[in-house]
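J.: Below is the structure I would like to discuss, written out as structure tokens.
The values are calculated or read from the model by the stated rules, or taken from the named source; none is laboratory data. All values reported here derive from a predicted model rather than from experimental measurement. Reconstructed Cβ throughout: ideal geometry from the backbone, glycine too, with neighbour counts over all protein chains shown. Protein only, heavy atoms only, side chains kept; ligands, DNA and RNA dropped before computing areas. Shrake-Rupley method; radii C 1.70, N 1.55, O 1.52, S 1.80 Å.
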Amino acid sequence: MSAPPLPEGYAFRAVQKSDYTNGYIETLKVLTTTGDISEAQFHNLVQHWETHSHIYKARAITDASGKIVATGMLVVEKKLIHSCGSVGHIEDIAVAKDQQGKQLGRILIVSLTALARDAGCYKVILDCSEHNKPFYEKCGYKHESCAMVVRL
């Protein structure tokens, strides 16, 4: 499945330390509570993600002004099963309220799934609420057991 094109001027990229002031946390608050995160805490976490980039693939979509308007995370888990294969876990998909309807969520899911494929994952798992199930099914995922899965 291919991702729809980003709107003109928008970009899909890795999360950066400067995103603390670019709207990352505000966008993530669309999904859940974040708590009070200091700039130092944010920088430390992004540094951790960068140091372990083979595991953590935090991504963002920015608008033409560079503001974060959508976020998502792929976590790659090494397994013993499937010949020491890897499983991707998609987490923390959030799209700013004023950006919804532009297919940014779909772009995130398709792009993170492609990153998982590139990392050699044999499947990708994500958890979602029941009301989001139709969206993830449109992205190629299916209900399997208690999680949404796409086989790669």
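J.: Compute the label zone of Thr21 within region 61-103: residues whose backbone N is under 15 Å from the point 7 Å along Cα-to-Cβ.
T.: Under 15 Å, as judged by backbone N against the label point of Thr21, lie 66-68 of region 61-103.
J.: Then there's this: If we count every other residue with Cβ under 10 angstrom of Ala14's Cβ, Lys/Arg +1 and Asp/Glu -1, where does the sum land?
T.: Local net charge: +1.
J.: Compare the Cα positions of Thr71, Ser111, Ile37 along the charge dipole of region 11-139 (+1 at Cβ of Lys, Arg; -1 at Cβ of Asp, Glu; about the Cα centre) and return the one farthest towards the positive end.
T.: Ser111
J.: Which is the longest run of the chain containing none of the trypsin sites (Lys or Arg not before Pro) found in DSSP loop states (not H, G, I, E, B) with at most 16 other C-beta atoms within 10 Å?
T.: Answer from the scan: 80-152.
J.: I've got another one for you. Normalised by the number of residues in region 11-139, what is the relative contact order in percent for Cα pairs under 8 Å and 6+ residues apart?
T.: 23
J.: Under a Cβ-only charge scheme (Lys and Arg +1, Asp and Glu -1), can you give me the dipole magnitude of region 11-139 about the Cα centre, in debye to the nearest 20?
T.: Around 420 debye, computed over region 11-139.
J.: I've got another one for you. Quick check: at a probe of 1.4 Å, how many percent of the accessible area of region 11-139 sits on carbon and sulfur atoms?
T.: 51
J.: Between Leu80 and His48, how high is the FRET efficiency from 1/(1 + (r/R0)^6) when r is the Cβ-Cβ distance and R₀ = 22 Å? Nearest 0.05.
T.: Result of the calculation: an efficiency of 0.35.
J.: Give me D for the chain in µm² s⁻¹, whole number, from Stokes-Einstein with Rh from the Kirkwood sum over alpha-carbon pairs, 25 °C and 0.890 mPa s.
T.: 154
J.: Let me ask another. Quick check: pseudo-label points 7 Å beyond the Cα along Cα→Cβ at Ala64 and Leu152, how many nm apart are they?
T.: With each label point 7 Å from Cα toward Cβ, the separation is 3.4 nm.
J.: Let me ask you something else. May I ask you to give the solvent-accessible area per residue for region 38-152, in square angstrom, as obtained with a 1.4 angstrom probe?
T.: 52
J.: Something else: Quick one: angle between helix 39-51 and the longest Cα principal axis of the chain, in degrees between 0 and 90, rounded to 10, please.
T.: 40
J.: What FRET efficiency comes out for Arg13 versus Glu144 if R0 is 30 angstrom and r is the Cβ-Cβ distance? Round to the nearest 0.05.
T.: 0.45
J.: Which lysines, on any chain, are close to Lys17 with Cα under 22 Å apart, when same-chain ones fewer than 8 places away are left out?
T.: Lys29, Lys57, Lys67
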